[in-house]
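The values are calculated or read from the model by the stated rules, or taken from the named source; none is laboratory data. No experiment lies behind these values; they were computed from the predicted model shown. Backbone-built Cβ (ideal geometry, glycine too); neighbour counts: all protein chains shown. Protein only, heavy atoms only, side chains kept; ligands, DNA and RNA dropped before computing areas. Shrake-Rupley method; radii C 1.70, N 1.55, O 1.52, S 1.80 Å.
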Amino acid sequence: MRRVDAKNARTGMTIASDVYALSGQLVIPKGVVLNSKTISKLGFYSIPFILVEDDEVTLGARNTERTYHEKVQSDPQFIAFKHKFEEEVVSFKEHMNEVINLNEPLDVDELLERTGSMMSAAPDSIGILTLLSNMHNYDDETFAHSMNVALICNLFAKWVHLSDDEITMATLCGLLHDIGKLTIPESILRKPARLTEAEYARIKDHPRAGYEILRKNNMDPHICNAALMHHERCDGGGYPLRLKGAQIDPFAKIVAIADVYDATTSPRVYRGPMCPFEVIRMFEQDGLQKYDPGYIMTILENIVNTYLLETVRLSDGKEGQVIYINKNHLARPTIKIDGGYFDLSTNRDVNIVAII
């Protein structure tokens, strides 16, 4: 048995001990062999670490068929965006290190300018969500993730019809939500052995640390609160304060959704990106109590609409085109297959497993 950072979990690992959420809910029972779905649940429930058996299941040969994501990654517009993204991640890292290590002030105008340039660089032919879900894994994961969440928050804020000033605020909240992690030594963040109680408490305290950094830099209270509250959940099952509903800053609620969406749809070394329809299913199943209903349903509906008319593969191996979104079951649209129509909302044993 060995302890593994949840973000380093891989398909084929066997869970050696029941995995519980902070609320006490059983997330993954002992003995389960991890796949892309169960790995994504670790991020969805903010599970920091797991215990796995030493022996791992041998992975099967990778399907050589060119996937939807491989097609996107070969698009010249995607390649140009990726280059711009990588440049901005490096600049963001440099600025944040100056803030943390040299006590330099946060330059909000510069951060906004760089984030705006990222939005401008995004091609109209490929949506932001698709672009970000196809980015490769980065060693500087905290910085790349923060950039992703900023761009996703910008999009989500537009979808829920916030004002221009509020969209800017949501973007900054997303960009700076994880700044507290920069105070945690790499020896703790990447420690392969079991953490001590003090080390585990240090990791769980990163929202408070981020709040203090931002407060000392005279950041807007919403930005400070987003750092403090992005792991809070409306049902009280989050941390560090176990806040509920209206106690949570509205911008933190948007960041929380963007944070989980990026974690589940981004590729990792050990797996490809999770199908957006599976992520939506998880939100519909567990998220309506955990996330603000006024935000989550609008956001999910817009996410699904970005995949209207896309070709998908179903769990039974059939392929077809998404032609109708069922608002009562967003993860289960109607699919056109060989001239016929297959309503997933009435065929519950079949799911969308990939966009192709």
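Test E104 against the stated conditions and say whether it is in contact with a helix residue (DSSP H, G or I) (Cβ under 9 Å, 6 or more places away or on another chain), assigned to a loop (DSSP other than H, G, I, E, B) and open to solvent by 30 Å² or more (accessible area, probe 1.4 Å). Answer is yes for this residue.
Filtering L314, L309 for residues that are open to solvent by 20 Å² or more (accessible area, probe 1.4 Å), among the aliphatic types (A, V, I, L, M), out of contact with any helix residue (DSSP H, G or I) (no Cβ under 7 Å at 6 or more places or on another chain) and over 30 Å from C173 (Cβ atoms) leaves a single hit, L309.
Exactly one residue out of E278, E284 is touching a residue at least 12 places away in the same chain (Cβ under 8 Å), assigned to a helix (DSSP H, G or I) and over 14 Å from the mean Cα position of the chain (by Cα): that is E284. A Cβ distance below 6 Å, combined with a sequence gap of six or more or placement on separate chains, defines the contacts here; from region 294-311, residues that are over 14 Å from I257 (Cβ atoms) reach residues that are of a type outside the set (S, T, N, Q) and at pLDDT 90 or above in the pairs V304/I325; V304/L330; Y307/V322; L308/V322; E310/V322.
The set of residues in region 194-207 being open to solvent by less than 50 Å² (accessible area, probe 1.4 Å), in contact (Cβ under 8 Å) with a residue 12 or more places away in the chain and either assigned to a helix (DSSP H, G or I) or charged (D, E, K, R) (or both) consists of I203, H206, P207. The set of residues in region 317-338 being open to solvent by less than 60 Å² (accessible area, probe 1.4 Å) and assigned to a loop (DSSP other than H, G, I, E, B) consists of G317, I325, N326, L330, A331, R332, P333.
Out of all the residues in region 18-54, which are touching a Lys or Arg at 6+ places or on another chain (Cβ under 7 Å), more than 19 Å from M274 (Cβ to Cβ) and open to solvent by less than 50 Å² (accessible area, probe 1.4 Å)? Across region 18-54, the qualifying residues are F49, L51, V52. A search for C-beta distances below 8 Å between a residue of region 318-331 that is farther than 14 Å from F283 by Cα and hydroxyl-bearing (S, T, Y) and any residue that is open to solvent by less than 70 Å² (accessible area, probe 1.4 Å) and part of a loop (DSSP other than H, G, I, E, B), counting only pairs 6+ apart in sequence or on different chains, returns Y324/P333. The residue that is modelled with the lowest pLDDT, among those in region 245-295 that are open to solvent by less than 10 Å² (accessible area, probe 1.4 Å) and out of contact with any helix residue (DSSP H, G or I) (no Cβ under 7 Å at 6 or more places or on another chain), is F277.
Of all residues in region 341-356, those that are more than 29 Å from C153 (Cβ to Cβ) and open to solvent by 30 Å² or more (accessible area, probe 1.4 Å) total 7. Of note, D220 does not satisfy the criterion of being open to solvent by less than 50 Å² (accessible area, probe 1.4 Å), of a type in the set (D, E) and out of contact with any strand residue (DSSP E or B) (no Cβ under 7 Å at 6 or more places or on another chain).
Condition test on L189, is it under 26 Å from F81 (Cβ atoms) and modelled with pLDDT under 95? Answer is no for this residue. A count restricted to region 208-224 and to residues that are free of Cβ contacts under 8 Å to residues at least 24 places away in the same chain and in contact with a Pro (Cβ under 9 Å, 6 or more places away or on another chain) stands at 2.
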